[in-house]
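Have a look at the structure below before the remarks.
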Amino acid sequence: MIETNTETLYCYVHPNRETALRCANCERPICASCAIRTPTGYRCKECVKGQQKIFNTAEWYDYIVGFVAASVLSGAASFLVTLIGGIPFFGWFIIAAGAPAAGALIAEAVRFAVRRRRARALFMTVAAGAALGALPILIFQLIFFNLFGVIFQAIYLFIVVPVVYTRLSGIQLFR
């Protein structure tokens, strides 16, 4: 005969809620609103936060180094986009092919500069640095009413910023 456990479990955060769910890591009872679904089962918020702390290895100065490196490299790439803007027809193709390569180069240079340390906030800081690095060139194009320069800069930013973020964070769209 099979024994069944008839003990009523209550969520450790909400003691008035009955539950049959347990954290896959620490085995504490959790209700549906406290449970976070992971590939290895449902976990409580404390276990998920503990796992995220293991992932975040960035030091305080990595944010400064990453931001400055991304800004400088993106500014240089943005200047090259301005030079390419003088090529009327093939410039579109060069921007479409060169912007992802520039984003990958910026991301790998920053990864080297911060010694492969990582944190979600670091990735966002570097992406913001890549966007702000191209801002002076974009403002210059706007001041001189260079329509194609503004369009090329917008295309560059539209492509580079997500490429930098996804490359650093390890998001894979296709496997």
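Taking first residues from region 81-105 that are under 20 Å from P162 (Cβ atoms) and aliphatic (A, V, I, L, M) and partners that are at pLDDT below 85 and not in a helix (DSSP H, G or I), the Cβ contacts under 8 Å between residues at least 6 apart in sequence or on separate chains come to I94/I87. So is V160 part of a helix (DSSP H, G or I), β-branched (V, I, T), buried (at least 21 other Cβ atoms within 10 Å of the Cβ) and at pLDDT 90 or above or not? Criteria met by V160.
Of all residues in region 120-156, which are surrounded by fewer than 21 Cβ atoms within 10 Å (Cβ to Cβ), under 19 Å from the mean Cα position of the chain (by Cα) and of a type in the set (A, V, I, L, M)? Correct list: A121, M124, A128, A131, L132. Between A104, A58, A77, the distinction of being within 30 Å of L142 (Cβ to Cβ) and in contact with a Lys or Arg (Cβ under 9 Å, 6 or more places away or on another chain) belongs to A104 only. Looking at V48, V65, just one residue is closer than 30 Å to N25 by Cβ and either at pLDDT 80 or above or not assigned by TED's automatic domain parsing to the domain that holds A104 (or both), and that residue is V48. Selection over region 49-80 of residues that are exposed (fewer than 14 other Cβ atoms within 10 Å of the Cβ) and free of Cβ contacts under 8 Å to residues at least 24 places away in the same chain gives a count of 9.
I need a count of the residues in region 30-69 that are in contact with a Ser or Thr (Cβ under 8 Å, 6 or more places away or on another chain), of a type outside the set (F, W, Y) and assigned to a helix (DSSP H, G or I). So the answer is 2.
Of the residues that make up region 69-80, is at least one among the β-branched types (V, I, T) and either at pLDDT below 90 or closer than 23 Å to G170 by Cβ (or both)? If you could, list the steps in order and put the result at the bottom.
Of all residues in region 69-80, those among the β-branched types (V, I, T) come to 72.
Now narrow it down to the ones that are either at pLDDT below 90 or closer than 23 Å to G170 by Cβ (or both): none.
No - not one qualifying residue is present in region 69-80.
Taken over region 163-175, the criterion of being buried (at least 20 other Cβ atoms within 10 Å of the Cβ) and not hydrophobic (A, V, I, L, M, F, W, C) is satisfied by R167 alone. Pairs are defined by a Cβ separation below 7 Å, a sequence spacing of at least 6 or placement on different chains, a first member in region 1-25 that is at pLDDT 85 or above and assigned to a loop (DSSP other than H, G, I, E, B), and a second member that is surrounded by fewer than 13 Cβ atoms within 10 Å (Cβ to Cβ) and of a type in the set (S, T, Y); the pairs so defined are A24/T40.
The values are calculated or read from the model by the stated rules, or taken from the named source; none is laboratory data. Values in this document were obtained by computation on a predicted structure and should not be read as measured data. Don't worry about glycine lacking a Cβ; one is built from the backbone with ideal geometry, like all the others, and counts go over all protein chains shown.
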